[in-house]
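Structure, as C-alpha cells:
The values are calculated or read from the model by the stated rules, or taken from the named source; none is laboratory data. Keep in mind that this is a model prediction, so the values were computed, not measured. For neighbour counting, all protein chains shown are included, and Cβ atoms are generated from backbone atoms with ideal geometry for every residue, glycine included. Just the protein is used for accessible areas: all its heavy atoms, side chains included, with ligands, DNA and RNA removed. Shrake-Rupley method; radii C 1.70, N 1.55, O 1.52, S 1.80 Å.
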Amino acid sequence: LLALMAARAGATVYTCEDDPVIATVAKTIVELNRLNDRVTVLNKRSQDVEVTKDLGGPMDLLFGDIFADNFFAFEPLPLISDARRRLLKGNGQVLPQAAAVRIALGDWPDYQRLCAVDRAMGFDITPMTAFIPDAVRLSVGDSSVKLMSDQHDAFVFDFRQGDYPDTDETTVDLQANQSGTVSGIVQWIRLHLFDDILESRTKSNSVTFSSPLFYPLTRPVSMRKGDATRVHLNHDARRLTVWVE
C-alpha cells in the first residue's frame, strides 16, 4: 500500500516482500492499479537485495514500515542499518527519520479482568498468574487507560546515522504526577517523519500505525503524587522486556 502511494505521488519504487504468496498478491495488486511501470515487488528480504542487479543503483529514499507494537519484533534496527548502508545514496533520506520507545505509569480498568488471577468459584488459583502475558495489547484510542506519570523516552533511535547495539538496557525513574492506583506500565512508539509525528498514544482521537502495550504489575499499588517507581527496560533488537524494581 505504501509503495502504491509513493508511486501515485510520482516515485519509482522497489518494495521487498519475503513471503512468496504475499509477494505474488502484491504484484497482482500493482498490476490491477496499473502501476507496474513504477512499482517493482522484490520477493526477498532487503538484506538479500543486490543494489546494482535488483535496483539498478542506489536509491534516493529509504522508507520502512517495519515497527511492531513493542517496536523491535520485526527487527527494524538491523534492517534499516543494512539498507541505509548498502542501498541508499550518500545524500539519501530515511523515513521515518527517528523513533522513540516511550513509557509511563498507567492504570487500566481491565487490569482485574485480564491481568489478575486469584480466585474463581471459591478456589485459590493464584498459580495461574504465571500464564498472564508480559504485555497486553491495548486498543488504539482506548481513553480508559489513565497515565499516572509524565511520559519518558526510554530508547531513542536516529535512523539517519550510525548503527545500533545488538542489545541495550536502560533504567527510568517514573514519578507519579497525581495520587491514585498504578496497575502497570504503558509503552508506545513515537515516529518522527520529515514534518510530522506519529504517536501510538491512548488518546481517544488517536489514528496511528500501531497499538500501545500494557505491562501489568504483579498487583496494583497506591501511589501519591511525587512517589517514584524504577522501571527497567532491555532489548536484544528483537524483543523488549520491561520490569519494575
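Take Phe155 and decide whether it is open to solvent by less than 50 Å² (accessible area, probe 1.4 Å), touching a residue at least 12 places away in the same chain (Cβ under 8 Å), closer than 30 Å to Leu88 by Cα and in contact with a helix residue (DSSP H, G or I) (Cβ under 6 Å, 6 or more places away or on another chain).
no
For segment 58-73, how many residues are out of contact with any helix residue (DSSP H, G or I) (no Cβ under 7 Å at 6 or more places or on another chain) and either closer than 14 Å to Val101 by Cβ or small (Gly, Ala, Ser) (or both)?
Total meeting the criteria: 6.
Taking strands (runs of 3 or more DSSP E) that do not extend beyond segment 206-245, which have at least 2 residues that are open to solvent by 20 Å² or more (accessible area, probe 1.4 Å), modelled with pLDDT under 95 and not hydrophobic (A, V, I, L, M, F, W, C)?
213-223
What do you reckon, is Arg190 open to solvent by 50 Å² or more (accessible area, probe 1.4 Å), assigned to a strand (DSSP E or B), modelled with pLDDT of 90 or more and not β-branched (Val, Ile, Thr)?
no
Consider only pairs whose beta carbons are under 7 Å apart and that are at least six residues apart or on different chains; among these, list those whose first residue lies in segment 58-77 and is part of a loop (DSSP other than H, G, I, E, B) and whose second residue is open to solvent by 30 Å² or more (accessible area, probe 1.4 Å) and among the acidic types (Asp, Glu).
Listed pairs, sorted by first residue: none to list.
For a quick check of your reading of the model, give me the residue pairs whose first member lies in segment 225-238 and is more than 21 Å from Val156 (Cβ to Cβ), whose second is outside any strand (DSSP E or B), with beta-carbon atoms closer than 7 Å and at least 6 apart or on different chains.
Taking only residues 6 or more apart or on different chains, the pairs are Lys225/Asn177; Lys225/Gln178; Lys225/Ser179.
So, of the residues in segment 1-36 that are in a helix (DSSP H, G or I) and of a type in the set (Lys, Arg), which turns out to be surrounded by the most Cβ atoms within 10 Å (Cβ to Cβ)?
Here the answer is Lys27.
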